[in-house]
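Enquirer: First the structure, which I've put down as structure tokens, then a few questions once you've had a look.
Laboratory data are not the source of any read-out in this text; all were calculated from the coordinates shown. Please read these numbers as outputs of a predicted model, since none were measured by experiment. All Cβ positions, even for glycine, are placed from backbone atoms using ideal geometry, and neighbour counts span all protein chains on display.
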Amino acid sequence: MADENYDVIVVGSGMAGFLVAARIAEKGVNPRTGEPLKLALVERGPYLAGTPRSGYGVPLRRKMFTHITREFHENGRYQMQYYPDGPDGPNVYPHSAGSVVGGGSLHWRAMTRVPREMDYRAWSEVHDATGWTPENFREPAAEVAEMFNIHSRPDEMLPRGDLLYRDAANRMGLSVVDSQVAKKNCIMCWGCEGSNFCKYDSRMGSFVAYLPILEKAGASIIPNAEVQKIEIENARATGVIYNQMGTTKRITAPKIIVSCGAFGTPMLLLRSGYGPRDLLGASTLVENPNIGRNIDGRPGPMVLTGKFSDPMTDGSYADGGFYVIHDTASDRKMERFQLRWEPIVLGDPDRIALNALAPEFGRDHKEFMRQISNPQLRTKAKTLLTTQGRILIRLIRPRQVYGSVDDRGAWSYDAHHASLAPLFKEAKEVGESIMREMGAKEILETRSPTGTSFNSNTGSCRAGSDRRNSVVNPHFESHDVENLLIVDASATPFGATIGYGAPTATVAAFAYRRIIERHFSR
């Protein structure tokens, strides 16, 4: 097993890893020689090469990304176990991870915002993440907003229901914020709705925005490399062991940056012998009880579906929309809830079949789908669906509820904790009030069977000055393992009030500045 040596290794090429790798390769230097860095970016999925062209795409990726979610989105190698009622009755869900160079930055929904001032205050004050202030994040946030082309949709491009929702909430004195989108030259083909890949590179993200920078800097991309562990010797990270096409390989570097996401990062560290002793036992090389724990899980969604007299939309896909961000206490950092309006989309038949008001099974469902599939009968179904809309409710930064994950990806989160009930009750009352103000004739309530959002988790290796409740310091350096850094959603102490992708990228843009200043400058 011959070694290859680098100046820095970045493990994981998602929203944070790709951005960090590109900027460190571009701006950093070897502190001893002043020469450009030799950087390796390691990713377990394939590299579908080609310079991004927003609105046009790259032939190889256009051929591969066929708008079928399961092609790369679902990965059966890792499983997440969710315990809604305790460990005696687990439900198992596939861990969605984009196994491709670009990772989550290629299969996110791109409806996002950079963090708000209250988010920075929560990060810096609650866990004393020194320097994580609104002032210090201003430049990183501006970079992400520009590179991702984050912008608001004009009113003319939004469905009628979105505007009614905004105006009703404003009349009630609620805080209304537009969702914004991170797209460029979008041709509005609808195929990327949800987490499908964009065939045309119109949906921006770290891969699309930063790939030219990484390539120009001469960094090495190592694809199809399943990292087995970070090599740790005497509490010092020395290398990365990975399997590529059936061959085990080892690479080394003075600095190793792990960026595998809120679930992937703690799983890798635990496999490497770094984590809670009560979980690892005799396999413990370096102990830290916080790895894989303290996960902020964003409980929800509770869904309120309203039926109206007039159409809320024409049934076509349109991203954008509005959030209501509500404070449940005088403390504006914690315990908030988010309500987002979503119109009904008349998309592919499989999506319509799962609509909340569609018959669940039997002859009624068959007749409903027959109408959807028959253009002559579609008008009736369209009238039924477009005269409804829904509000998705999620809780933001609840104080007492945290999840955990182990090295197999089994994850637990008490989404039915007693402290959450009053917050959901208040959120439901606010949502119903908005719908009544909009003119809803009937309001139905449903709850997600999982009780939380798998793709919006943070904090599993959170940053902070206090070793007792964090994994890395405010400069993203491990408290316990020399030469090891962590930059991704796992290091972010709590989720942002709105969005996940752009907040994660903003933390990465903040991180690379700190890392270059401390480790890769002369």
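Enquirer: Provide the gained length on full extension for the span residue 156 to residue 60, in nm with one decimal, where the gain is 0.36 nm per separating residue minus the Cα-Cα distance.
Expert: Extra length available between residue 156 and residue 60 comes to 31.1 nm.
Enquirer: Could you tell me the extents of region 454-522's C-alpha atoms along the three principal axes, largest first, rounded to whole Å?
Expert: 37, 27, 16
Enquirer: Filter the trypsin sites (Lys or Arg not before Pro) in region 1-54 to those in DSSP coil with at most 10 other Cβ atoms within 10 Å of their Cβ, and list the result.
Expert: Working: sites: 23, 27, 32, 38, 44, 53; in loops: 32, 38, 44, 53.
Those satisfying the criteria are 32.
Enquirer: If I model a spin label as a point 7 Å beyond the Cα along the Cα-Cβ vector, how far apart are those points for residue 163 and residue 277 in nm?
Expert: My value for the distance between the label points is 6.4 nm.
Enquirer: Give the cross-link partners of residue 255 among the lysines, using a straight C-alpha distance below 25 Å as the criterion and excluding same-chain residues fewer than 8 apart.
Expert: In chain and number order, the partners are 27, 38, 216, 229.
Enquirer: Answer rounded, prolate or oblate for region 247-301, using the Cα gyration tensor with square roots of eigenvalues a ≥ b ≥ c: rounded when a/c is under 1.5, else prolate when a/b is larger than b/c, else oblate.
Expert: Values: a/c = 2.33, a/b = 1.38, b/c = 1.70.
In terms of gyration-tensor shape, oblate.
Enquirer: Still on this structure, please answer the following. Taking 7 Å along the Cα-to-C-beta vector as the label spot, tell me the residue 442-residue 429 distance in nanometres, rounded to one decimal.
Expert: The modelled label-to-label distance comes out at 2.6 nm.
Enquirer: Using Cα-Cα distances under 8 Å and only pairs 6 or more residues apart, what relative contact order does region 258-322 have, in percent?
Expert: On the way: 40 pairs, mean separation 13.5, N = 65.
Once divided by the residue count of region 258-322, the mean separation gives 21 percent.
Enquirer: Between residue 416 and residue 316, what length in nm is gained on full extension when 0.36 nm per residue of separation is reduced by their alpha carbon distance?
Expert: Value of the extension gain: 32.5 nm.
Enquirer: So, with +1 on the Cβ of K and R and -1 on the Cβ of D and E, and no other charges, what is the size of the charge dipole of region 400-518 about its Cα centre, to the nearest 20 debye? Spell out each step's value before the answer.
Expert: On the way: 12 positive and 15 negative charges, 29 e Å.
So the dipole magnitude of region 400-518 works out to roughly 140 debye.
Enquirer: Among the aspartates and glutamates, which have Cα under 15 Å from the Cα of residue 63 when same-chain residues fewer than 8 positions away are ignored?
Expert: Answer for residue 63, where 15 Å is the Cα cut-off: 71, 201, listed by chain and number.
Enquirer: For residue 183, give me every one of the lysines with a C-alpha distance below 19 angstrom, ignoring sequence neighbours fewer than eight places off in its own chain.
Expert: Qualifying lysines at Cα under 19 Å: 199.
Enquirer: Need one number for region 113-227: average projected area of the convex hull over its C-alpha atoms, nm².
Expert: Result: 11.5 nm².
Enquirer: Multiplying the sequence separation of residue 363 and residue 138 by 0.36 nm and subtracting their Cα-Cα distance, what value in nm do you get? Write out the running numbers ahead of the final one.
Expert: On the way: separation 225, 0.36 × 225 = 81.00 nm, distance 5.68 nm.
Once the chain is fully extended between residue 363 and residue 138, it gains 75.3 nm.
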